[in-house]
Amino acid sequence: MSSVVNVIKVGMADLNYATPPNTIRTTGLGSCVGIIIYEERQKICGMAHIMLPESSMARSGQVNRAKYADTAVEDLLHHLEQSGASRLRLKAKIAGGAQMFQFSTANEMMRIGPRNVEAVKTALNIYKIKIIAEDVGGNSGRTIEFDPETSKLEIRTVNKGIKEI
Amino acid sequence: MSYLERIKPQHLDILKELGNIGAGHAATALSRLLNKAIDMTVPSVQVVPFSEISSYVGGEDAVVAAVMLRIEGDAPGNMFFMLPVTEASRLIQLLTGDSTVDFLSEEVNDMGFSALNEMGNILAGSYLAAFSDFTSLNLQPSPPALAIDMPMAILSYGLLELSMVGEAAIFIDTQINEKDALQTEQTKGHFFLLPDPDSFEIILNSLGVTIDE
């Protein structure tokens, strides 16, 4: 049986899941953070593209849980557990949280990248999910693609080419 | 109710007019800087869900140069002047007479960056001045900041305020074009105006339009 390889896309403030031979990808992470939670034995993974640290920042009633670090980690975890992954074996890789613009004005929102990274680490720590690799901070945008077959995360930036973590 | 549900097509038309006036002034400013004819398209105003923004801004592999300004005052928001990086290099070569300017190269060219920043500042400033005159709102631009990177990574900075309120952004987008030697139109760049959520009502009110009818 031939299998068609698909690249599953994750939009901004969105999350999705993948199993081999498919890979999962999100583009244009600036201050946003891409979170991948995966289980090597069953080769399943989920990816979220979060924009903000805390769901408590939402100013309207309905919360898109994939947009915030705390709720996105919760949802990834629950879905992976429901798919049969063991929580003890879940691992994470994260990328993003850059500071693209250097502003002289002290607008708190312009420092959202580092805050997002902190929030993701806190959320993962609550569930004792270990971060195996990370590529965070700096001032470059990133496009990332995760392969659940190899558990490798490919990171592309404009100036520094491609690297794998 | 979210501001997005309250904004109707007729309101988007008013925002379009705003983009038209603002970018018109900016195109004139650019045309004076370069001593060339610069056109602009009728602006588009679109409500784009966050999850679709990557396809809206297009070209995953595209690299753009963008000058961002934070708008402060009566109707806060963000503004971007964005153009393909090769185009940015070409414009600054024309402007400075230095043909070695290349924003993709590893070597930092301070003069080039500074010129691009200033050009963005002048253009965005003239956009904003026209916007301010038209609405009688008091608006001040922050000092400009420059980035050369993927369009979506850059634009996401303009979406943070909006993202706390809804799941979509209203893009007031105006393209500026230049005719080349063969008279074919080429897109030179975009102005994106992204008002903060609370600013839409303030802008519309300043023009005598109420949102809830």
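Can you tell me which condition A:Val158 does not meet? The list is (1) surrounded by fewer than 21 Cβ atoms within 10 Å (Cβ to Cβ); (2) at pLDDT 90 or above; (3) not acidic (Asp, Glu), and all the others hold. That leaves (2) as the condition not met. If you go through segment B:71-81 and keep only what is part of a strand (DSSP E or B) and surrounded by fewer than 24 Cβ atoms within 10 Å (Cβ to Cβ), you end up with B:Glu72, B:Gly73, B:Asn78. Taken as a whole, the condition of being closer than 24 Å to B:Leu162 by Cβ, in a loop (DSSP other than H, G, I, E, B) and within 14 Å of chain B (Cβ to nearest Cβ) does not apply to A:Ser56. Hey, does segment A:140-153 have a residue that's modelled with pLDDT under 90 and either buried (at least 17 other Cβ atoms within 10 Å of the Cβ) or out of contact with any Leu (no Cβ under 8 Å at 6 or more places or on another chain) (or both)? So far as segment A:140-153 goes, yes, one or more of its residues are modelled with pLDDT under 90 and either buried (at least 17 other Cβ atoms within 10 Å of the Cβ) or out of contact with any Leu (no Cβ under 8 Å at 6 or more places or on another chain) (or both). The test for being at pLDDT below 80 and not in a loop (DSSP other than H, G, I, E, B) holds for B:Asp39. Out of the residues in segment B:129-166 that are part of a loop (DSSP other than H, G, I, E, B), in contact with a strand residue (DSSP E or B) (Cβ under 6 Å, 6 or more places away or on another chain) and not hydroxyl-bearing (Ser, Thr, Tyr), state the one that is nearest to the other protein chains (Cβ to nearest Cβ). Filtering segment B:129-166 for residues that are part of a loop (DSSP other than H, G, I, E, B), in contact with a strand residue (DSSP E or B) (Cβ under 6 Å, 6 or more places away or on another chain) and not hydroxyl-bearing (Ser, Thr, Tyr), the one nearest to the other protein chains (Cβ to nearest Cβ) comes out as B:Met150. Can we say B:Asp110 is out of contact with any Asp or Glu (no Cβ under 7 Å at 6 or more places or on another chain), surrounded by 14 or more Cβ atoms within 10 Å (Cβ to Cβ) and among the charged types (D, E, K, R)? For B:Asp110, the condition - out of contact with any Asp or Glu (no Cβ under 7 Å at 6 or more places or on another chain), surrounded by 14 or more Cβ atoms within 10 Å (Cβ to Cβ) and among the charged types (D, E, K, R) - is not met.
The values are calculated or read from the model by the stated rules, or taken from the named source; none is laboratory data. Since we're looking at a predicted model, the values are computed, not measured. With ideal geometry, Cβ positions are generated from the backbone for all residues, glycine too; neighbour counts draw on all protein chains shown.
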